[in-house]
Every structure is written in C-alpha cells, then in structure tokens.
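Asks: I'd like to ask some things about the structure below.
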Number of protein chains: 4
Amino acid sequence: MTTLNVGLIGVGRMGRMYGQYLARRVPGVALAAVADQKPGVAEAFAAEFGVAKWYPNHQDLLSDRTIDAVAIVTSTSTHKEVVMDAARSGKAIFCEKPISLTLDDARAMIQTVEAAGVFFQMAFQRRFDAGYLAAKRKLEAGAIGDPVMFTSISRDPYPPPLAFCDPKVSGGLIADMGAHDFDAARMYMGEVRRVHAIGGTLAYPEMKSVGDIDNAIVDLVFRNGTLGVVQLSRNAAFGYDIRGEIWGTKGSIQIGYYRQTPILILTPEGIAHDAVPYFMERFEDAYLAQIQNFVEHVRKGLPPFITAADAMAALGIALAANRSLREGRPVDIDQPEA
Amino acid sequence: MTTLNVGLIGVGRMGRMYGQYLARRVPGVALAAVADQKPGVAEAFAAEFGVAKWYPNHQDLLSDRTIDAVAIVTSTSTHKEVVMDAARSGKAIFCEKPISLTLDDARAMIQTVEAAGVFFQMAFQRRFDAGYLAAKRKLEAGAIGDPVMFTSISRDPYPPPLAFCDPKVSGGLIADMGAHDFDAARMYMGEVRRVHAIGGTLAYPEMKSVGDIDNAIVDLVFRNGTLGVVQLSRNAAFGYDIRGEIWGTKGSIQIGYYRQTPILILTPEGIAHDAVPYFMERFEDAYLAQIQNFVEHVRKGLPPFITAADAMAALGIALAANRSLREGRPVDIDQPEA
Amino acid sequence: MTTLNVGLIGVGRMGRMYGQYLARRVPGVALAAVADQKPGVAEAFAAEFGVAKWYPNHQDLLSDRTIDAVAIVTSTSTHKEVVMDAARSGKAIFCEKPISLTLDDARAMIQTVEAAGVFFQMAFQRRFDAGYLAAKRKLEAGAIGDPVMFTSISRDPYPPPLAFCDPKVSGGLIADMGAHDFDAARMYMGEVRRVHAIGGTLAYPEMKSVGDIDNAIVDLVFRNGTLGVVQLSRNAAFGYDIRGEIWGTKGSIQIGYYRQTPILILTPEGIAHDAVPYFMERFEDAYLAQIQNFVEHVRKGLPPFITAADAMAALGIALAANRSLREGRPVDIDQPEA
Amino acid sequence: MTTLNVGLIGVGRMGRMYGQYLARRVPGVALAAVADQKPGVAEAFAAEFGVAKWYPNHQDLLSDRTIDAVAIVTSTSTHKEVVMDAARSGKAIFCEKPISLTLDDARAMIQTVEAAGVFFQMAFQRRFDAGYLAAKRKLEAGAIGDPVMFTSISRDPYPPPLAFCDPKVSGGLIADMGAHDFDAARMYMGEVRRVHAIGGTLAYPEMKSVGDIDNAIVDLVFRNGTLGVVQLSRNAAFGYDIRGEIWGTKGSIQIGYYRQTPILILTPEGIAHDAVPYFMERFEDAYLAQIQNFVEHVRKGLPPFITAADAMAALGIALAANRSLREGRPVDIDQPEA
C-alpha cells in the first residue's frame, strides 16, 4: 500500500492535535499540506512539523491533486461548505463532530458526498476509547444480559468562551457537549424514539446573555422501549467528569475514572487523589486511534467506521432535546425540527 | 427522664427489625407491647424478646393506657386507619414510610394528628445514614458551592412478590422505591416544582400483569430552578445499588459504596470484590438511629425530626411522577392528582 | 440450653465494650456480675447496665458459685494470676490478648487450665472479622493457588499513653500491636520458623525514655519456606490503617479498607474521603462476634475457637522479634527467649 | 540548538522501544544509526523506521563521527565493554539499568567515563513516572511530615525465560527487579546502611535449577535510622503489581494503580475490573520522558538527571541483599561484596 497524502484543514486546538498525530504517529500517512484562514497559522504549523505545503484557505488545498484525503477540523458552522467542496474535489473526508448545526445542512452535505462517491468518516472519538470499546464488547458478549437503561455524564471543568456558547455558533450546551453522549447511547442501545430535556443557567449567569444554559438533563426513550438519561454540565469544578453506565437485566457496566496521577495522599484532612483535568488527558489515545482508523480505512478501502448517518442521528437527538427544552414537553425524534 | 413505653404495631419484616431494636438497643425505652393481626405472630415475637404484652390487633394495643408511644409498621394501605386511631388514643406516633397511597388519605391523617395534638414522626431512614448526613453537613458548610443538580439512584437486587407490585397495594415502583429519593432530593435541594417520568417493564415481563414497571427515570425541576434526576430499578442483579450525587457550582458530593466485605480478590479473571446485598446490610445503622431518634425526641419533648409535611411532599412528587408516566408529559407539583 | 451466667473481670475500655455486648447483644447469656479493682467502677457499670452483682476484685467474683464463665479483660500483666485463679475456681475462661508478657507465664497458665480441665478461649478478634474470614474461605477454596507471601500492616492513629508503652507493661510495640498480625500470619500460612525485626523511635522521640519504638518491620519465614512481613506503626496520622495481603501462586487476596463514611467530596483541591478512625469503628462487629462465639462454644460444649496454643505461638513470634531487634540478627522461633 | 545525532546500540525488546521513541517522539534528536550483533536485526529496524545507517556491532557505530550520543540497551553483562568503548569514543551515554553485574565492573566503567569527561546518564524510568514524581513533590512539600518507612512492591506477571534467571546473566531476582525499588528508596529516604533479605523459590520450582528465587522480601535500614521494605515476586498471576508507599509522621503517600481499562463490570459474580498487564502499559510515558530527558540534558549541557553514582548505590544494595540471602544475616552496605 502506498502512503496516503493527507491535507489538514483547520489548525485550531483540535486541528493541531490531529496534525501532530498525522505528522508523527500515524503509520502509512504523510501530512502533505495544511490550510488555515487565519494568517500565518498554517505556515507556522508547516514549519514546526516539517509539512511541505501550506495554504491560506481550504479551496487551494483541495485543488492540490497530490492530496488524497482531508481532515476537516474547522468550526462547525463552516463544515457544510468545506465538506461539500472536499467531496466535489474527490478527496476522502474525515470530519470533526458535530456534522453541522442543522439537519438540513447535514442532508445537503450527505447528498453531495454520496453524489461524489467519496469516503466520509465522522469523528466521535469515544468510539475509540478503550473503556467505551471494552464496554461494547462486554455488552455484546452478554455479560449483563439485555441493556435496559443507559446513563451518560459529560461535565466540562469550565465553560467555553462566552462567544462560543451562543447556540447559533456551537449549537448550545446540548448539541455541543451532548453529541458524544447521544452517539454512545445509539452505539449501546439503538435508535432513540423520544427525548425530554430540562436545563438551566445555574452556575454562570452571564451565559443567559447569549442564550445558553450550563446544566441539562436529557431523558431518552429508545425505540425498543429501553431508557436513557444524559447529564451535561459546564461546571465540573474539580476536573473532567466523563462517565457512562449500561444497566442490564443481569448486571451493569460502568465506564470512566477520576484519578489521573497514580498517587494517593493520606493525611488528617482525608484520603485524596487528583482528577482528570480535561479531554486531552482523558481521550488522547482515542483521538490518535480515531485518526489512525480513518487513514487505515481509506488505505484499505474499508467502509467508514462512523458514518454520516451516525452524525445525522446524534444531531437529530440534540435538536429534539433543544426543542423539548424550549417547549417544555417531550419531543419525538421523527419531528426534531419545528 | 422516665422510660418510654412503646407499643409495636405490625410485626412483619420491618416490624421485627424495629422490635428488636426497641427491645435491645434503644436506651430509655421499654418495648411494652406488640400487636399483629396475623394469628400467633405477636405472641411469638413477645415470647422471643421478652415483651410483656401482646395483642391481636392495633385497637387493643392502643387501649392500653400504659403505652406512651407506638411504632406503626403495618402495610401502607392500613396506615390511615391505624395512625388515626393512634392519634385519637393520644399516643406519640412513629410511622413507617410511605405515609399513605393518596394525598387525600395523608391529609385526613394529618388533620387527625393535629387535632389530637400528638407527636407524629415519619420514617425516612436515609436521613439518619452517616453518608447522607455527612453530605448534608458538607453541603451546608459550602464545600461544593451552590447545588445545581441532584442525582439519586435506587436499585433493588430483585423485585418484591408480584402481588406487592400491584400499584394499588404498594403504589408501584415510583411511589414505593422513589419515596426515599424524593425525600433526599428535598433535603438537599428544596421543594420540587415539576416532574417528568419515563419507565418501562423491561426486566420482568410478568409485572405487566399487575400494571407495574421495573425501571424508571424521574426528572425533577426544583422551585429554585435547579435540576434533579432519580433512577429506579428492580433488577440490580449484583446487589443493592444506592447512590446519590449533589452537584454544585464548586464541586460535587457523591454518596454510596459497593463493597460489603473488606477483601479484594486479584486473579487472572480480574480484580473483584463483592457488593452490598440489600437494604439491611446498607442501612442497618440508620434504621437503629432512626428509632432511637424517635424515642429521644418524644422523651425530650423535641419536635419530630421528619414531619408529616415531609411525608406529604415526598408522596406528592411520587404521585405527580406516576401521572407524568401515564400521560407522557411533565406534571407540575401543584396538580399531582388528576 | 440454659442461660450462661457470665462474670466480667476488668471494666476498662475493652471491658466496657465486652460488658455492653454481654448485657445486650449476646443471645443465651446473662451478665451476672462484674468486678474491677478500681473503686466504684464495677458498681457504676452494674448500675448503668442493670447487672445484678458487682465485686471489688476478681477473687470475690470467682467465689460466686452462680457464675459459669468469666471474661478476663484486665491488664496483661495480671492475666497470669486471674486466669489461674479462674481455672482453679472451675469457670470457663475468655482471655483478652495477649495471653501474658512471657512464655513462662503462659506455660504456667496453660498447665493450670489443663489441670483444672476448664474451657479456655483466647481473644484474637480479627479471626471474626468478615474480611479476614472471607479471605480464609477464599484461600481454602483455592482462589489464589498456594500462598507464598503474607503481608500484614497494623498502624494506630496515635500512640498509647507513655506509661503503657513501657515494654515491661505492654510488651512494647511488637508484642502489643503485632499479636494480631502474628496470629493472622499463622492462620493463613502456618507456623513460623524464623523472624527478623528492624525498628526505630522515629515519630515520637519521647518513647525512647521508656524504651519503646514506634515503627517496626518484622520479617517472617514460615516452616514451609514461605515468606511474610509485618509492618507496625503508631503514627497513622490519618486514621487506623489495617491491611493484609495473602499473595499466592495464582492470585492475591487483599484485606482492608479506608473509607468510613460513604461519601466522596470532589473539589478543585482533589477527590477525597475520610478514613476509619480507630479499632472500634473497624472491628466492632468482630468483637461482638467473638464474645458471642465464646458464649456459644461454652454453652454447646464445643472446643475453643482460639486456643491457648494459638496464644503461645503468637507470643513466641513477638518475643523472638523483640530479641531480633535487640540483637540485630534473625532469630529462630524455637529459641525465642534468651 | 542543533539536532542531536543519536546511535542506538542494542535492538532487543527495550532497544526497539527506545528506538521508536528516538525516531518519532523525541524533539531535537535524529536517530542516526542503530547497531545490533544479531544478524539482520539492526538492518531491519533501520528499514522499518527510516534510520539512515546501521552497523553489525557497537564498535563500528562508535567509530561514526557524525554520532553525538548513544543509547546503550544491550544485555547487562556487556554494559562494561560497550560503555567503556563509548566513553573512549567521546559519545554522550545513556545506559539502561542495571549498570553492571558487579561493583568492580561499575567502578571501572565510571573511571573510564570520568577520564573521558563524557556525559553519562543511567536509566531508572520510575523517576520519570507521573506518580513517583508527584510523590516526590508532595514529600518535599511536607505533605506527610518526615518520612519514616518506605514500602516498595514490584511483582511481574510471569517469570523471564529460565536462561535469563541465571544470576550470572541477570543478577537474579533481587538485582534484576529490585534495582528500581532500591533507586526509589534512595530517592525518597536517602542512603541505605544495612539490608536483610529473605526469599525462596516458591512458585516456579524449575528456577532452582539455575539458582534463582521467585519471591523475596528485603528490609532496608537507612543511614538516618528510617526503615524500608521491598517485596519482589515473579508470580503476579493477575497482571503487573507495582506499588509504593512513603509513610510519614503526618501522613502517607501511596503510589500505584491496578485498573487499566476504565470500565467496571457488576454482576452476581462480583464487581470487577482488569489489571495493568505489564511494564509497557504501566510505564510507557515514563520511558518516553526518560529518553527525552537524556536528549534534552545532553543538548542543553545540563548534568545527568540520574548519575553513575545512583547506579552504583542501587547495585550496592542489591548485592548486599543477595549476600544477606546467602548468609542468613543482615549485611551492612559498606561491605556488600564478600
């Protein structure tokens, strides 16, 4: 198999991470080019990591015929344009989550991808985490009988910048953070039929000014009648709180951990350890495995590990939950958008 | 202070436990009499524990003028009659939870208690558990800032007999099991404004025949805008799963534990420990502290630690949740009964 | 079976505990009399717990023909006299650990007990602890293959009064604290062939004035060639640190726990819980089970659960370890006393 | 700063690991050449990782004037020759532990290194582990008062090949495995004055044929009078058991963890998780940090993070422990070799 030439589009926080992995830790790949609209960013990254080419925008990178595939790590609101351009240029596509801010946008993207016949893989890195993977294997092996209730907790140690909290930019708490939980819910339990959400701006009053909330609870009723609940928060003051539980007729699987550094301090004040600070400390290996998986699947002609349909389904749940929150009533998934 | 003469009404599983505590482990009290409708039960208990008197029904016990106070541990459907009779006889009353099956019954009981001017204390033993107590102290000391989300999990290792599952007898899963969680919710977060419940008969299909469910999720919106979620289940195959979390702006308090026996087994099959089997192993000390507290408060003329109003509020949440489950919509607490 | 009339000799800290259990929580027994040399102590206890008779010394209690059995909880240095008097009076005997300060004393006691043909049971309450018991069952069930190394850690939260630390009174750190560990070692691994001890006065310099140490490590070589190590300390600043490990060819069993109250506090300072404060919080159930076991064995005519030979063996290890510490060399168990 | 050209000598299991890190994950370095005596090994590694040059022996690599520094990862018995050759060739040296099999060899190596004036850094990767590092910081910050007892446990999941167990090849259990524990002991507690060791061939009888043991306990008395104990085993049937404890006058620091995958399985068989399989899963980050540290210190002209004297001291403890084991008596560190 020849080396896959990948172009990185978007060199922000997440883009830098994927870029470093592609430059150094993914076998079978060459990070051939980077693009970023912000002046100097792509050039600086290219210099630091020895990338041969850099471009000031995604179009120029997509015109480069030596590029086989692209990793799109731009802000969500630009996904539609960049993905559609990439599809038309015939590149294999890796797209950071969430796919878009609306289902209409997602549908348009998928149509273009399908018309172009290009490879398209979504990013949901928890599907590559050792814990979430092992839970899936245990579940499928029958370790807990039939799953009947799913719990997922995602709590960030602090809120994003206020501008980002604007639901028009990020989709708001439920769409931005819940995407991972809704995807995990589908992975373990199947499709969702109905959601109900409650939430509030309880820790950071300033979020009200942009119309976002900082804590939410989203109930899920799956099509098979089983139950789920997702807890989201921006104020995990002690660190990064990511947990899940698959509750079955014969037992339970719990996912997650708190201690980062392997020491325990025992003093008269108590017995204490530290916490996982944030997502990179928790999911670094999963992010690496995810981009390796993309490269491997493209090179081997395998189907995408996570599809556009997965992206649509997670987005659909989030938008239905947002509607439930607005309207104060349960919302069926087949009518997520008003 | 003179010794308090207590009569025990109802010598079933819970009644035996309270009876043993009153006979042996509560200072300042004499278990002076027991009553049970089932032939031979009161007599046998009296013989076993050296109780001087036994009666075949509660009325006879209540007529005994040497009895100062009664512990009522009969089935919920009889609480109304027994409590009202006890109030009219002027005895101090300890009443096992839940207070009754309907709010109307509870109101009638409270009116009679108030008219008689007798002492009335409800049983919610978690309020005497070292964990729940310590959590309350930590919360009040400001350890986690302002509480914004409350999680409570109650999962039994196996279902009660099918006859008991009939909502007309036990109130059903949400009223029977959730009472403790709703009381804890109020203790930490304040009054509830609105509930939403989802549930299903997912582990024991036979429960459908009596109209009960075996798993449920109940969302709570408190009057102050904070959030809560209660998870209930009858199929904790591994043991007794009782946990809580008070989620605050500056940290979190988690309540609960799994390991019963202090050993850990490390083998090639994994690293494993046992679980808490059921409620007596988890809450034995709390039950003892609760009945001691009742005796102490009556003897010292202190107000009841847990009031009839507490019982009403927990019942109101449960009934509203049941209605939400039936009607598929959120239900406000000021309209819990159709 | 008739009720066993037990007399309690010694109403100090441990004596009060056994006395309460005998008065209230042990079936089949009557606490018929108490004795303590300290003026007023026996009388006050008798009044508080409704004990019919009290005596100012053990001889008077032993002369009481209505007493069937005695629990001897006096200071170690008096054990020889009290036990021998009790044996001669024909009472069944429960003797708090350690049996004595020297092997010669122990031998004399045992001879008298055997000559009198009375029941004699030693106190080693860890043999009644749920953790130590479960470990034994697991070991015997083959869960970890053959045991090859035993670790035992006993660390007190603070030192006893300085007067008590005097090795002439308490036997010193190794004999006083290590008795439990040496007994556990024998229970799991068999007899000890050789010991080596190191130690120091490292936390409380004032202990040097009475000739005691506050930290020690004692190596054990068992007769079957397997290995053990006991760690002792008086400065567990955070609480009571009691742990054990049985290390086998196919796995390991670890005994012990730290958290007392079932809550976890998660704040920016870390994730913390409390510790077990001291021995009553850790071993209360074991102490109760131990005295119940004594009463049950006497009443049923069963042999003692823990014998005088067990007491001798644990003492022999302790004395050999003390000699090793003094002489700076390993000491064989068949020559423990110089 | 210019890039450091490093040559890797020895491409066995550990050599491959360091080689991959040098090729891909260490900044400021070029893996310029590899050498291995085994035919084809260096060539194959060079091809796989794009290393420009490969040599069939260490002398040829050392003759390469473009090489600035070498990582020596050959078998311990060859360290003396390779290190001395490297020193004479003027290369900066990274040497995998243990430094040698005898103190005489180590002294000769150090003399040559000092005469040549080259940089020499020993490998003790635990000094780069997040847990051991954090423990050191906490200790130095006074979190537990003065340290008085140190415990270190190293237990491998299975024994090395029998040929390797021969003490003439590996130094035997105590020297081969204990090196890390003795180094950690010195890091936290200071120099060792006296040791005492017990051990046995308890799990793998076949080891007797080569003269090695599979379980050992080594007591340490430090020059400041504090105490230590090291437990070593080859039969951690469940995984890799690496733990430490620094016991202080005001508290304790415990190092280590068991769970590898962040999931917990709760079934009627118990509550279980997995274990850390072996050293790469436990110390991967530490090995990477260690080789990065070497490169950084050489490039910046900093002194070695771990010195030849550290290597000598750890070896001295191990050899004294071996002598103690043979002779059945404590051995002072100033006379470790017979």
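Asks: Tally Lys and Arg at +1 and Asp and Glu at -1 over the other residues with C-beta under 14 Å from the C-beta of D:PHE49: what net charge comes out? Don't skip to the answer; put the middle values down first.
Replies: Numbers: positive: A:ARG24, A:ARG25, D:ARG16, D:ARG24, D:ARG25, D:LYS53; negative: D:ASP36, D:GLU43, D:GLU48.
So the surrounding residues net to +3.
Asks: By how many degrees, 0 to 90 and rounded to 10, does the Cα axis of helix A:130-140 deviate from the longest principal axis of chain A?
Replies: Once rounded, one gets 60 degrees.
Asks: Can you give the helix-only mean residue ellipticity at 222 nm for the protein assembly as shown, where every DSSP H stretch with n ≥ 4 adds -39500 (n - 2.57) and the sum goes over all residues, rounded to the nearest 500 deg cm²/dmol? Before the final figure, lay out each step's value.
Replies: Numbers: 44 runs with 504 residues, N = 1352.
Value at 222 nm, helices only: -11500 deg cm²/dmol.
Asks: A:TYR55's amide H: which non-local residues (gap 5+, or another chain) put their own amide H closer than 5 Å, with H modeled 1.01 Å from N in plane and none for Pro or chain starts?
Replies: Placed amide hydrogens put A:VAL34, A:ALA35, A:ASP36 under 5 Å from A:TYR55.
Asks: Shifting gears a bit: State whether the range C:177-262 is rounded, prolate or oblate according to the following rule on the C-alpha gyration tensor (a ≥ b ≥ c being the square roots of its eigenvalues): a/c under 1.5 gives rounded; otherwise a/b larger than b/c gives prolate, and the remaining case gives oblate.
Replies: On the way: a/c = 2.82, a/b = 1.27, b/c = 2.22.
Here the range C:177-262 falls in the oblate category.
Asks: Let me make sure I get this right: for the range B:212-338, a, b and c are the square roots of the gyration tensor eigenvalues over alpha carbons, sorted descending. Under 1.5 in a/c it's rounded, otherwise prolate if a/b > b/c, else oblate. Which is it?
Replies: Numbers: a/c = 1.98, a/b = 1.24, b/c = 1.59.
Oblate is the answer for the range B:212-338, as a/c is 1.5 or above yet b/c matches or exceeds a/b.
Asks: Where nothing but the Cβ of Lys and Arg (+1) and of Asp and Glu (-1) is charged, how large is the charge dipole of the protein assembly as shown around its Cα centre, in debye to the nearest 20? Don't jump to the answer; show the numbers that get you there.
Replies: Working: 136 positive and 152 negative charges, 0 e Å.
I would put it at about 0 debye.
Asks: Sticking with this structure for a sec: At C:SER63, with labels set 7 Å past Cα in the Cβ direction, how many nm apart are the copies from this one, shortest first?
Replies: 5.5, 10.4, 11.7
Asks: Now, a different point. What is the sum of charges around A:ALA237, taking Lys and Arg as +1, Asp and Glu as -1, for the other residues whose C-beta is under 15 Å from the C-beta of A:ALA237?
Replies: On the way: positive: A:ARG155, A:ARG234, B:LYS138, B:LYS250; negative: A:ASP156, A:ASP214, A:ASP241, A:ASP274, B:ASP146, B:GLU245, C:GLU269.
Surrounding charge for A:ALA237 is -3.
Asks: Taking a label point 7 Å out from Cα toward Cβ, give me the nm distances from C:GLY50 to the same spot in the other copies, shortest first, one decimal.
Replies: Values, ascending and in nm: 0.6, 8.7, 8.7.
Asks: Size of the dipole of the range B:26-77 about the Cα centre, Lys and Arg at +1 and Asp and Glu at -1 on the beta carbon, nothing else charged, in debye to 20?
Replies: On the way: 3 positive and 6 negative charges, 9 e Å.
Magnitude of the dipole: close to 40 debye.
Asks: In debye, nearest 20, what is the charge dipole magnitude of the range D:123-188 about its Cα centre with +1 on Lys and Arg Cβ and -1 on Asp and Glu Cβ, if you could check?
Replies: Values: 8 positive and 8 negative charges, 38 e Å.
Around 180 debye, computed over the range D:123-188.
Asks: With 10 Å bins from zero, work out the P(r) of the protein assembly as shown over every alpha carbon pair and list the percent per bin.
Replies: Calculated P(r), rounded to whole percents: 2, 8, 14, 17, 18, 17, 12, 7, 4, 1, 0.
Asks: For D:LYS168, list the aspartates and glutamates whose Cα falls under 12 Å from its own Cα; do not include residues on the same chain fewer than 8 positions away.
Replies: D:ASP176, D:ASP212
Asks: Return one number: the angle in degrees, 0 to 90 and rounded to the nearest 10, between the long axis of the Cα atoms of helix D:103-116 and the longest principal axis of the Cα atoms of chain D.
Replies: That helix lies at roughly 40 degrees to the long axis.
Asks: In addition: How large is ³J(HN,Hα) for each residue in the range A:59-69, as worked out from phi by the Karplus curve 6.51 cos²θ - 1.76 cosθ + 1.60 (θ = phi - 60°), to whole Hz, x for Gly and Pro?
Replies: Whole-Hz 3J(HN,Hα) from phi for the range A:59-69: 4, 4, 4, 5, 6, 6, 6, 7, 7, 8, 8.
Asks: Could you grab the relative contact order for chain C? Cα pairs under 8 Å, six or more apart, rounded to a whole percent. Present the calculation step by step, with values, prior to reporting the outcome.
Replies: On the way: 712 pairs, mean separation 63.1, N = 338.
Taking the mean separation of contacting Cα pairs over the length of chain C, I get 19 percent.
Asks: Based on DSSP loop calls and a cut-off of at most 12 other Cβ atoms within 10 Å, the longest stretch of chain D free of exposed trypsin sites (Lys or Arg not before Pro) is what?
Replies: On the way: sites that count: D:ARG65, D:ARG223.
The longest such stretch corresponds to D:66-222.
Asks: Summing +1 for each Lys or Arg and -1 for each Asp or Glu, what net charge is found among the other residues whose Cβ lies under 14 Å from the Cβ of C:LYS208? Present the calculation step by step, with values, prior to reporting the outcome.
Replies: Working: positive: C:ARG234; negative: C:ASP166, C:GLU206, C:ASP212, C:ASP214.
After counting each charged neighbour, the total is -3.
Asks: Here is a further query. With a/c under 1.5 counting as rounded, go ahead and sort the range C:12-126 into rounded, prolate or oblate using the C-alpha gyration tensor (a ≥ b ≥ c being the square roots of the eigenvalues; past the cut-off, prolate if a/b is larger than b/c, else oblate).
Replies: Values: a/c = 1.61, a/b = 1.54, b/c = 1.05.
Note, shape of the range C:12-126 comes out prolate.
Asks: Helix D:172-189 against the longest principal axis of chain D: what's the angle in degrees, Cα atoms only, rounded to the nearest 10?
Replies: 80
Asks: A further question on this structure: Return the subset of B:LYS38/B:LYS97; B:LYS138/D:LYS136; D:LYS53/D:LYS80; B:LYS136/B:LYS300 for which the Cα-Cα distance in this structure is over 26 Å, preserving the input order.
Replies: Working: B:LYS38/B:LYS97 21 Å; B:LYS138/D:LYS136 31 Å; D:LYS53/D:LYS80 24 Å; B:LYS136/B:LYS300 24 Å.
In this structure, B:LYS138/D:LYS136 lie more than 26 Å apart at Cα.
Asks: Kirkwood hydrodynamic radius, computed over distinct alpha-carbon pairs, for chain B: how many Å, to one decimal?
Replies: 20.9
Asks: Please compute, for peptide C:210-217, the average count of beta-carbon atoms on other protein chains lying within 10 Å of each residue's beta-carbon. Walk me through the numbers on the way to the answer.
Replies: Values: counts 0, 0, 0, 1, 2, 7, 2, 10.
For this peptide, the per-residue mean of nearby foreign Cβ atoms is 3.
Asks: Looking at the protein assembly as shown, what % of its DSSP beta bridges pair antiparallel, to the nearest 5?
Replies: On the way: 153 of 261 bridges.
If we restrict to bridges inside the protein assembly as shown, about 60 percent are antiparallel.
Asks: Peptide D:318-330: average number of partner chain Cβ atoms within 10 Å per residue? Walk me through the numbers before you get to the answer.
Replies: Values: counts 0, 0, 0, 0, 0, 0, 2, 0, 0, 0, 5, 4, 6.
Partner-chain Cβ atoms within 10 Å, mean over residues of D:318-330: 1.
Asks: Per residue, what accessible area does the range B:47-204 have, given a 1.4 Å probe and all protein chains present, in Å²? Don't skip to the answer; put the middle values down first.
Replies: Details: 5760 Å² over 158 residues.
Accessible surface, normalised per residue, equals 36 Å².
Asks: In B, who owns the beta-carbon nearest the axis carrying B over to C, and how many Å from it?
Replies: Nearest Cβ to that rotation axis, in whole Å: B:ARG24, 3.
Asks: When each copy gets a label point 7 Å from Cα toward the beta-carbon at D:GLY90, what are the spacings between them in nm, shortest first?
Replies: For D:GLY90, the inter-copy label distances come out at 5.6, 10.1, 11.0 nm.
Asks: For the range A:259-296, which GluC sites (Glu not before Pro) pass both filters: DSSP loop (anything but H, G, I, E, B) and at most 15 other C-beta atoms within 10 Å?
Replies: Values: sites: A:GLU269, A:GLU281, A:GLU284, A:GLU296; in loops: A:GLU269.
Here the GluC sites (Glu not before Pro) that fit, given the DSSP loop and packing criteria, are A:GLU269.
The values are calculated or read from the model by the stated rules, or taken from the named source; none is laboratory data. Because the structure is a prediction, the values reported are computed rather than measured. Neighbour counts run over all protein chains shown; Cβ positions are idealised from the backbone, glycine included. All accessible areas refer to the heavy atoms of the entire protein, side chains included, with ligands and DNA or RNA removed. Shrake-Rupley method; radii C 1.70, N 1.55, O 1.52, S 1.80 Å.
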